[in-house]
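Here is the structure we will look at.
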Amino acid sequence: VELSCIIVSTVTPDPRIEWKKIRDGETSYVFFDNRMQGDFATRAEILSRTSLVIKNTTRMDTATYRCEVAAPLDTKTIAEINIQLTVQ
């Protein structure tokens, strides 16, 4: 599965990008501090700096995934998008 977080334009040379998983009211990091976290470390990767690719998805991956971008030099310093993933 590939989840895309497209950055339209940024003045900040290296914006901070984080991915989080929200399931049953619990939020956990997927990609934080430039590396995969938890069980995603062995089965996920970042493509083109912004797209999250999860391999071997299962129903346990069903959740809302949030991409957060922090670009302190831009007019809009923080942006986020939520993507609902349903694995059947």
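The values are calculated or read from the model by the stated rules, or taken from the named source; none is laboratory data. Nothing here was measured: the structure is a model prediction, and the numbers come from that model. Neighbour counts are summed over all protein chains in view; Cβ atoms, including those assigned to glycine, are modelled from backbone coordinates with ideal geometry. Side chains are part of the model used for accessible areas, which takes the heavy atoms of the whole protein and leaves out ligands, DNA and RNA. Shrake-Rupley method; radii C 1.70, N 1.55, O 1.52, S 1.80 Å.
Run the numbers for residue 75 and residue 11: contour at 0.36 nm per residue of separation, minus the present Cα-Cα distance, in nm.
Numbers: separation 64, 0.36 × 64 = 23.04 nm, distance 0.87 nm.
Answer, rounded to one decimal: 22.2 nm.
Given a 1.4 Å probe and every protein chain left where it sits, what share in percent of the accessible area of the chain is carbon and sulfur?
Result for the chain: 50 percent of the exposed heavy-atom area is carbon or sulfur.
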Using alpha carbon coordinates only, what is the Rg to Rh ratio of the chain, with Rh defined as the Kirkwood radius?
-> 0.97
Backbone HN-Hα couplings from phi across the stretch 46-51 [Karplus 6.51/-1.76/1.60, Hz, Gly and Pro as x] = 9, 10, 6, 6, 10, 8
How high is the relative contact order of the stretch 14-85, in percent, counting Cα pairs under 8 Å that sit 6 or more residues apart?
-> 32
What are the lysines whose alpha-carbon lies under 24 Å from the alpha-carbon of residue 55, with same-chain residues fewer than 8 places away excluded?
-> 20, 21
Within the stretch 28-88, trypsin sites (Lys or Arg not before Pro) in DSSP loop having at most 16 other beta-carbon neighbours inside 10 Å = 43, 49, 55, 76
